[in-house]
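Undergrad: This is the structure I want to talk about, given as structure tokens.
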Amino acid sequence: MPLFSRLIRSAALLISFLFTHQLTYSQTISISDFGVKPDTYENITPRIQKIIDEAITRHSTKLIFPKGRYDFWPDGAIRAKYFVSNTSTEEEDSTKIKTIGMLFKNAKNLTIDGNGSLFIFHGKMTTIVLDQCENVILQNIHVDFERPTMSEMRYVKVSAQGVDLEIHPDAKYSISNGQLIWHGEGWKTTHFHGVEFDTTMKTMRYSDWKILNNSKATELRPNLVHFDTPSDFKPKQGNILTVRDIIRDQVGMLILQSKNIKLEDVGMHYMHGLGIVSQYTENITMHRVTCAPREETKRIIASSADFMHFSGCRGQITVEDCKFSGAHDDPINIHGTNLRMIEKINKNRLKLRFMHGQSYGFNAFSTGDTVAFVHAATMIRFEKGIVKTVERVNDRDIILTFQSVVPAGLEAHDCVENMTWTPQVFIKNNYFTRTNTRGILLTTPRKAVVESNIFYRTGMSAILIEADAEGWYESGPVRDVTIRNNQFIDCAYQGGPGNAVIGINPSNKIADFKKPVHSNIRIENNVFTTFDFPVLYAKSTQGLIFSRNTIIRSNTLPAESDNKKMFYFNGCSQVEITNTKMSGDVLGKNIKTENMPKTGLKVTGSKRLSIE
């Protein structure tokens, strides 16, 4: 064959290869192409997993679900071991096996579009796992459970002879020897935790299932049960009691060691265990994500713990235009993990341990990570180091070798914090309600902005900033936080640091204004409509600005605390309160300070404020 002809043929083959490769790379896959149809009520779990694997193998850019209902059962699901932060102890869940509805592993440049479909899960399952994925979008999907692991019931009659409870149709039960037993598709509740929703006041408070669990139960008709409770048991008629099992053996969704992940127009209407957990992932966007029950179910709870939990992430976390309603714990929790030093092996090697019972086993450090050495007693980061190698000893213990000598000042019980895996945070235009705990838990050393959100009757502080080396071992000092243009409505009726709407409460044992933990926190242009007096509690904070805020006394709920101080500063410095507008009862001397000189606080443009 002449040379010119061979060149022409080679070029044609190359063009054909590139064209075919481009088609393969960019093609869209619909599950209907594989014979999977909506609204069959059949178990599609194993079939969908094969399609997902095919899409990833083909390097497809889009996976489409035609609109409809799809049912996922544990039968045929992938079961894989995952250590997930803040979930369960060895005794509570020794295997760490997750039953996964849809596993996306090593997916790249893929959009999963549900076209508004409803994914119904059965039994106890982790709905979706994104494991080591990059540039993945999950959109237009609604997720719910046929039988949530939460049981809901309403007090319809309360008398000296006992109470009658109207049980939600989705809450399956049986009565054996006079005792009510909650059960579902392959499970029953054995560890009870109750929260009661006041349907009049729209508040949620801790409740105790023990009284009902120890009272004789009699079915009056299907879903109406009488309990022979003690005569002094007087719950409020019309209130809704919600009960869950405390064991977090699954999670709502897991995003693990991934990059550039986005959820958009997604509804998470029930999640068992912990909610959407993002762990050691870089760049996460939650846009128009609804974490709330579907209205047609008439339920009030959508998660048995946090809604969105970010552990050890980095890059940018954005949560925008989302709705959070009906969690048994915090709607948003952002933190890292402190590991305690338990042995100094030599000059540049440390043995570290995961200390909290429910957080361990995951990869908390990688070669090249920058860490901070933290004095546990003061919560001060006092020096940095760079990780050279990581050795896993067991699920609890690891050995880190550093590029240089570890600091001589490292003491017993001090901690090591991964600074490389810390995120910038942007939380805007979200709505928080119907939770008995906080709205946002936030600890990151990088820039964080919380703006234009509405916090409606969160049980505890609407925003809580901690730094912990004693309890949950979650992260350390913040360095740049702005809280602006938010509305806080009747928050902290059930507690929080100082019963305050915003709490800044690191775990250091001694509050010394000369050794601040947190710094550079600005609270600006917010409106606090509050039934109680405490607005801001701050400990060990330097550079705290409270400026141009409005405080309105509402009197809609009874005051919960004996603390009548609007501001409480403990061991703080460079605190400024400027141009505060107030209406209603403010009780005169309403600023309290301790462990700090009066010169550490400056009040201007706020005539109705005075220092105790």
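Derivation of every value follows stated rules applied to the coordinates shown; laboratory data play no part. Quantities reported herein were computed from a predicted structural model and do not represent experimental measurements. Cβ sites come from the backbone with ideal geometry, for glycine too, and all protein chains shown count toward neighbours.
Undergrad: Pull up all non-local amide H partners of Glu383: gap of 5 or more, or a different chain, and H-to-H distance under 5 Å with H placed in the peptide plane.
TA: Sorted by chain and number, the residues that satisfy this are Phe373.
Undergrad: Of the options Phe531, Leu180, Asn338, report the single residue whose Cα projects farthest towards the positive end of the charge dipole of the chain (beta-carbon charges: Lys, Arg +1; Asp, Glu -1).
TA: After comparing all options, I get Asn338.
Undergrad: List the relative contact order of region 338-418 as a percent without decimals, with contacts defined as Cα pairs under 8 Å and 6+ residues apart.
TA: Values: 175 pairs, mean separation 31.5, N = 81.
39 percent.
Undergrad: Go ahead and run the numbers for FRET between Thr218 and Ile246, Cβ-Cβ distance against an R0 of 22 Å, rounding to 0.05. Mind showing how you got there, number by number?
TA: Numbers: r = 27 Å, r/R0 = 1.23.
Calculated transfer efficiency: 0.20.
Undergrad: Still on this model: So, by mean Cβ neighbours within 10 angstrom, what's the order for 54-66, 342-354, 461-473, 524-536 with the highest one leading?
TA: Sorting 54-66, 342-354, 461-473, 524-536 by mean packing, highest first, produces 461-473, 524-536, 54-66, 342-354.
Undergrad: Residue separation times 0.36 nm, minus the C-alpha to C-alpha distance between Glu343 and Lys388: what's the value?
TA: This chain segment gains 14.4 nm when fully extended.
Undergrad: May I ask you to list the aspartates and glutamates whose Cα is less than 15 Å away from that of Lys539, ignoring any residue fewer than eight positions away on the same chain?
TA: Glu466, Asp468, Asp512, Glu576, Glu594
Undergrad: Using a cut-off of 17 Å between alpha-carbon atoms, which lysines can reach Lys347, once sequence neighbours fewer than 8 places away in the same chain are excluded?
TA: Answer for Lys347, where 17 Å is the Cα cut-off: Lys384, Lys388, listed by chain and number.
Undergrad: Please state the charge dipole magnitude for region 338-418, taken about the Cα centre, from unit charges on C-beta atoms (+1 on K and R, -1 on D and E), reported in debye and rounded to the nearest 20. Provide the component values of the computation, followed by the final result.
TA: Numbers: 11 positive and 9 negative charges, 29 e Å.
With only Lys, Arg, Asp and Glu charged at Cβ, the dipole is about 140 debye.
Undergrad: Okay, next question. Can you find, among Ala408, Ala364, Val374, the residue farthest towards the positive end of the dipole of region 338-418? Put +1 on the C-beta of Lys and Arg, -1 on that of Asp and Glu.
TA: Ala408
Undergrad: What does the helix-only formula give at 222 nm for the chain: each DSSP H stretch with n ≥ 4 adding -39500 (n - 2.57), the total divided by the residues, and the result rounded to the nearest 500 deg cm²/dmol? Could the numbers behind the result be given before it?
TA: On the way: 3 runs with 41 residues, N = 612.
Per the formula, -2000 deg cm²/dmol.
Undergrad: Would you mind pulling out the separation of the Cα centroids of region 113-173 and region 290-306, in Å?
TA: Region 113-173 and region 290-306 have Cα centres separated by 7 Å.
Undergrad: Additional query: Ranking request for peptides 276-283, 172-179: highest mean number of other beta-carbon atoms within 10 Å first, then the rest in descending order.
TA: Those peptides, ordered most packed to least, come out 276-283, 172-179.
Undergrad: Taking the Cα-to-Cβ direction at Gln487 and at Trp187 and moving 7 Å from each Cα, how far apart do the two end points lie in nm?
TA: Result: 3.6 nm between the two label points.
Undergrad: Starting with the highest mean, order 420-426, 377-383 by the number of other Cβ atoms within 10 Å, averaged over the residues of each peptide.
TA: Ranking, from highest mean packing down: 420-426, 377-383.
Undergrad: Further question on the same structure: In whole Å, how far is the Cα centre of region 403-436 from that of region 499-534?
TA: The distance from the Cα centre of region 403-436 to that of region 499-534 comes to 18 Å.
Undergrad: Can you give the extra length, in nm with one decimal, that the chain gains between Gln424 and Tyr206 once fully stretched, where that is 0.36 nm per residue apart less the Cα-Cα distance?
TA: Separation in residues times 0.36 nm, less the Cα-Cα distance, equals 75.2 nm.
Undergrad: A follow-up question, please. I need the phi-derived Karplus couplings for region 601-610: 6.51 cos²θ - 1.76 cosθ + 1.60, θ = phi - 60°, integer Hz, Gly and Pro marked x.
TA: After applying 6.51 cos²θ - 1.76 cosθ + 1.60, I find 10, 10, 10, 9, x, 9, 5, 8, 9, 8 Hz.
Undergrad: Another question, if that's okay. State the extension gain, in nm to one decimal, for the chain segment bounded by Ser94 and Glu612, taking 0.36 nm per residue of separation less the distance between their alpha-carbons.
TA: Numbers: separation 518, 0.36 × 518 = 186.48 nm, distance 5.26 nm.
So the chain would gain 181.2 nm between Ser94 and Glu612.
Undergrad: Using the Cα centre of region 457-611 as origin and beta-carbon charges of +1 (Lys, Arg) and -1 (Asp, Glu), tell me which of Val517, Ala467, Thr580 is placed farthest towards the positive end of the dipole.
TA: Sorting the options by dipole projection puts first Thr580.
Undergrad: Oh, and also: Can you figure out the FRET efficiency of Ala377 with Thr578, using R₀ = 45 Å and their beta-carbon distance, to the nearest 0.05?
TA: 0.85
Undergrad: Give me the dipole magnitude in Debye, nearest 20, for region 457-611 about the Cα centre, with unit charges on the beta carbon: positive for Lys and Arg, negative for Asp and Glu.
TA: On the way: 19 positive and 14 negative charges, 143 e Å.
About 680 debye.
Undergrad: In debye to the nearest 20, how big a dipole does the chain give about its Cα centre with +1 on each Lys and Arg Cβ and -1 on each Asp and Glu Cβ?
TA: Magnitude of the dipole: close to 1400 debye.
Undergrad: Still on this structure: Which pairs break 21 Å Cα to Cα here: Lys172/Lys323; Lys565/Lys607; Lys210/Lys323; Lys564/Lys592?
TA: Working: Lys172/Lys323 28 Å; Lys565/Lys607 16 Å; Lys210/Lys323 32 Å; Lys564/Lys592 10 Å.
Exceeds cut-off: Lys172/Lys323; Lys210/Lys323.
Undergrad: Tell me the relative contact order for region 71-151 as a rounded percent, counting alpha carbon contacts under 8 Å between residues six or more apart.
TA: 33 percent
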